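Heads up, the thing below is written out as structure tokens.
The values are calculated or read from the model by the stated rules, or taken from the named source; none is laboratory data. If you're wondering where the values come from, they're calculated on a predicted model, not measured in any experiment. Areas reflect the complete protein model, heavy atoms only, side chains present, ligands, DNA and RNA absent. Shrake-Rupley method; radii C 1.70, N 1.55, O 1.52, S 1.80 Å.
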Amino acid sequence: MGGERNGGEVNGVVDKYEATTGALTIQTEFAGKEQANDTLISPVDGVISLCDIEKIVIQTESPVIVATHGSGHVRSGELHVMTPVHTQEVHYFHLDATVTGKVILGGQLTRDALVKAMGMNVLGIITAHIADEDLSYIQQKYTLPVLVVHELDYESLSKHSGKHIYVDGLSRSIVV
């Protein structure tokens with residue numbers, strides 16, 4: 001294997017493969033010096049169909065939802081459904097310790113609820129409705145992934161409560 005990292009040459013070989021866990025260890029070298037193993041984590045089960053300097057493409061049968069709007073970084077975690085219906089409002093007093101460390105799905109989140117959720121260390125927020133000024137506020141101040149989905153996609157996602165999902169605010173994608 002070969003490629004580039006930050007302008008420097010990277011070479012590596014498969015060191016070991018653990019069939020029981022699926023862990024693949026690649027021993028890399030950077031500028032002639034041996035480096036610590038890099039950890040690559042795939043958010044989905046699948047087969048790598050392309051691996052080059054720019055990207056790795058994984059073919060999967062997992063459903064992917066593309067949001068209408070999105071911001072923030074990439075995260076993955078358990079989906080916690082706040083409201084099964086996209087028209088229900090979520091206020092700050094609806095949020096409790098059950099949302100900590102999870103990706104939450106809530107119909108209409110007020111700004112107070114959004115800020116409280118971020119303070120409670122949620123991993124991501126998916127909603128069907130968010131005010132433009134609230135989305136702009138979040139984009140300027142936070143890196144937490146916040147995604148806005150179509151109402152039909154919201155209803156589909158609400159059926160996956162408790163499942164591990166992957167959210168990417170920049171590409172506006174949700175992988176169940």
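Our Cα-only numbers for segment 107-176 put the radius of gyration and Dmax at 11.7, 31 Å. For segment 80-93, the Karplus equation 6.51 cos²θ - 1.76 cosθ + 1.60, evaluated at θ = phi - 60°, returns couplings of 10, 8, 7, 9, x, 10, 5, 8, 6, 7, 10, 9, 4, 6 Hz by residue, with Gly and Pro reported as x. The 3J(HN,Hα) values that the Karplus relation (6.51, -1.76, 1.60; θ = phi - 60°) gives for segment 132-141 are, in residue order, 3, 5, 6, 5, 4, 4, 5, 4, 7, 10 Hz. Gly and Pro appear as x. Beyond 23 Å, what share of the Cα-Cα pairs of segment 57-176 remains, rounded to the nearest whole percent? For segment 57-176, the share of Cα pairs beyond 23 Å comes to 17 percent. Taking amide H as placed 1.01 Å from N in the peptide plane, the amide H of residue 142 sits under 5 Å from none that are at least 5 places away or on another chain.
Antiparallel versus total DSSP beta bridges in segment 65-176: what percent is that, nearest 5? Please report the intermediate quantities before stating the final value.
Working: 13 of 26 bridges.
Percent antiparallel among DSSP bridges in segment 65-176 is about 50.
Shape summary: segment 63-113 maps onto an equivalent ellipsoid whose semi-axes, from the alpha-carbon gyration tensor, are 18, 14, 12 Å in decreasing order.
Keeping every protein chain present and rolling a 1.4 Å probe, give me the accessible area per residue for segment 69-115 in Å². If you can, show how the numbers build up before the last one.
On the way: 2210 Å² over 47 residues.
Per-residue accessible area for segment 69-115 comes out at 47 Å².
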